[in-house]
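Written out below as structure tokens is the structure these notes cover.
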Amino acid sequence: MWRTTYHTNLHTFSFTKLEDFLNQAVGSAAISHDMRSMNNWNEIINNYVRLLVPLTNIAVQVVIANERNVGNTLKMVAVEDESFIPAAKLATDERLEWVPLSLTLVEYPQGDWLGKLLAVSSLLPFGILSGFVALILFRRDLHTITFFFGTTLNEILNLVLKYTFCEARPIQRSALYTEYGMPSSHSQFMWFFATYMIYFVFIRLQHMNNNALLENAWKTVITIVCVSLAALVTISRVYLQYHTWKQVLSGALVGFLFGSLWFALTYLIFTPIFPLVVSWRISEFLLLRDTTLIPNVLWFEYTNSRQEARARSRKLVSMKSQ
């Protein structure tokens, strides 16, 4: 009752209480006057000490009430009484529902180092997508753009298949994943990427190095790395119980088939029209380029950049000498 009165009419309450205590002080002073005549000094001192503490508390409350606004006063009362929580705050908290970003959230058994390693490997598709974005921004090659467009269509195909089969995941993580598990999107993505890369390395890339043995070794290494990463991600999805074996193998099959189809379309249909595409005005504005006729792009860019740097260096020296 004291807090309610203090809440609603703080100033009226404080001065009323102060007036009551001052009246008591005056009465006690009169009583003390009579007692002084009886030389009862100890009782007089005790009387004033008893009144000093509540008078001090009331004075402090009055000063706080005059200096602070109503909002700060409410906070002070809420601290004194933990059971008091504003109704507006309760209503807001009840309406909010916090959920994690399931796209990058991977759970693994606590204390399981292998599970943690496989959980990290499950994030490989996001690293590959980041590499795509970097290559497109800095190289502007039509082959890279077409490859990235194929991965986007692959993800759309996976989403269509999931809502067609409507097969649940082995463990229901309703708070994290609301989509279905058939086929596995991670497995489908990785095997699409691995299939396309293998075709690209053995069919598209020619004369990577003057040494045929070294060139074949590099192609073999790239193939082993792509297949190993795809297999690692596939196994991780089963180990972490996000998918069943049937779901990941189905995703791998779909990724392999669509990767083969997309490379065939790129190599046989899209690549012949790349020279026409780069001649468009919009392509010139976006600095798009076609490297189809360049057998070893890395060596070509390296030699050209080195020659250009030397030419500019000689030009700079001649300008300084003049």
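None of the figures in this text is laboratory data; all of them are computed from the coordinates on show. This structure is a prediction, so every number in the text was calculated from the model and none was measured. When we count neighbours, we look across all protein chains shown, and the Cβ atoms used for this are built from the backbone with ideal geometry, even at glycine.
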Taking neighbour Cβ counts within 10 Å as the exposure measure, how do 141, 112 sort from fewest upward? 112, 141
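Please compute one quarter of the surface area of the Cα convex hull for the stretch 211-322 and express it in square nanometres.
In nm², the orientation-averaged hull projection of the stretch 211-322 is 13.1.
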Distance-filtered residues of the stretch 270-302 - backbone nitrogen under 19 Å, label point 7 angstrom along residue 153 Cα→Cβ: 270-278
Rounded to the nearest 0.05, what FRET efficiency do residue 104 and residue 172 give with R0 = 22 Å and r taken as the Cβ-Cβ distance? Could you check? 0.65
If each K or R counts +1 and each D or E counts -1, the residues other than residue 309 whose Cβ falls under 13 Å of its Cβ total +3
In nm, spacing of pseudo-spin labels at residue 302 and residue 261 (7 Å Cα→C-beta vector): 3.9
Cα-derived Rg to Rh of the stretch 113-291, Kirkwood definition: 1.02
R0 of 35 Å, Cβ-Cβ distance residue 160-residue 282: FRET efficiency to nearest 0.05: 0.70
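In a shell of Cβ-Cβ distance under 10 Å around residue 247, excluding residue 247 itself, what net charge do Lys and Arg (+1) and Asp and Glu (-1) give?
+3
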What is the Cα centroid distance between the stretch 135-199 and the stretch 271-312, reported in whole angstrom? 30
